[in-house]
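The values are calculated or read from the model by the stated rules, or taken from the named source; none is laboratory data. As the structure is a prediction and not an experimental result, all values here were calculated from the model. Note: ideal-geometry Cβ built from the backbone for every residue, glycine included; neighbour counts use all protein chains shown. Side chains included, ligands, DNA and RNA excluded: accessible areas come from the protein's heavy atoms. Shrake-Rupley method; radii C 1.70, N 1.55, O 1.52, S 1.80 Å.
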Amino acid sequence: YYFGRADYFRNRQGEKIGYIISVSDITEMAMEQRHTAQQHALLDNIFNSSPDIMSLVSEEGAFLAVNHRFASILGLEPEEIVGKRALEIMPYDIYQVHLLTQHQAILDRQPHKIETRMRFADGHEETVESVHTPLFDDNGVYSGILSVSRDVSARVEAECNLRQTQEELQKAVLEANHANESKSAFLARMSHEIRTPLNAILGMTSIAKRKMHD
């Protein structure tokens, strides 16, 4: 890759008497720009094809990149969000919950996870598990935060159904135990109540037999 530049060559009176043409080898710079462009394209592809909700926020709190899933929360396009701060476009309740988690991640200098219920612009709701990962440069200076949220509604529903099933089983076991206890108590009471008249009958029978022999 070469970069060429042409200009007039003038004499002391300012008259154009020729041209000056310079050519520079910019292959290294062009390849570096091409590599950077490929990285940006790859990042955009990952962001936009991911089923997760993704956002990248600068150290000043402005969105550097968001994907379509993130934008669908607000009913906007990604380009309408980039450059804005969260409080400018997000509902305050969602903003407050995620801001606290992000601040904690930055303070601890490690990813933090949170599970929340999120309402989208089209009206549907999802339970999402969000991981906020703070980013630091080579000098350890905070440079932004990457947030990835995944829809875990199916897992949460399955866990809820499992807990409900366990509770129903525990209830059934308690009822069965109670029924067994009631059965045992009934049999013990009936045994006592039946044994008393039987003893009397047996005693009377014994007396009658003796009378008959006499």
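Overview of values
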read-out: Residue ID - farthest from the chain's Cα centre (by Cα), chosen from residues in the stretch 114-130 that are touching a residue at least 24 places away in the same chain (Cβ under 8 Å) and closer than 10 Å to V97 by Cβ; value: M118
read-out: Test for V141: is it modelled with pLDDT of 90 or more and loosely packed, with under 10 Cβ neighbours inside 10 Å; value: yes
read-out: Meets criteria (open to solvent by 40 Å² or more (accessible area, probe 1.4 Å), among the small types (G, A, S) and either free of Cβ contacts under 8 Å to residues at least 12 places away in the same chain or closer than 18 Å to V128 by Cα (or both)) for S72; value: yes
read-out: Selection within the stretch 1-14 - open to solvent by 100 Å² or more (accessible area, probe 1.4 Å) and out of contact with any strand residue (DSSP E or B) (no Cβ under 7 Å at 6 or more places or on another chain); value: Y1, R12, Q13
read-out: Which listed residue is open to solvent by 50 Å² or more (accessible area, probe 1.4 Å), in contact with a Lys or Arg (Cβ under 9 Å, 6 or more places away or on another chain), within 27 Å of V141 (Cβ to Cβ) and free of Cβ contacts under 8 Å to residues at least 40 places away in the same chain, from E60, E88; value: E60
read-out: The stretch 112-138 - residue that is more than 23 Å from V82 (Cβ to Cβ) and assigned to a loop (DSSP other than H, G, I, E, B) and, of those, most open to solvent (accessible area, probe 1.4 Å); value: D138
read-out: G83 being touching a residue at least 40 places away in the same chain (Cβ under 8 Å) and not in a helix (DSSP H, G or I); value: no
read-out: Whichever residue in the stretch 98-110 is surrounded by 15 or more Cβ atoms within 10 Å (Cβ to Cβ) and within 16 Å of the chain's Cα centre (by Cα) and, among such residues, is modelled with the lowest pLDDT; value: H98
read-out: Flag for Q104 being among the polar types (S, T, N, Q), under 30 Å from S49 (Cα atoms) and assigned to a helix (DSSP H, G or I); value: yes
read-out: Count of the stretch 21-57 residues which are open to solvent by 90 Å² or more (accessible area, probe 1.4 Å) and in contact with a strand residue (DSSP E or B) (Cβ under 8 Å, 6 or more places away or on another chain); value: 4
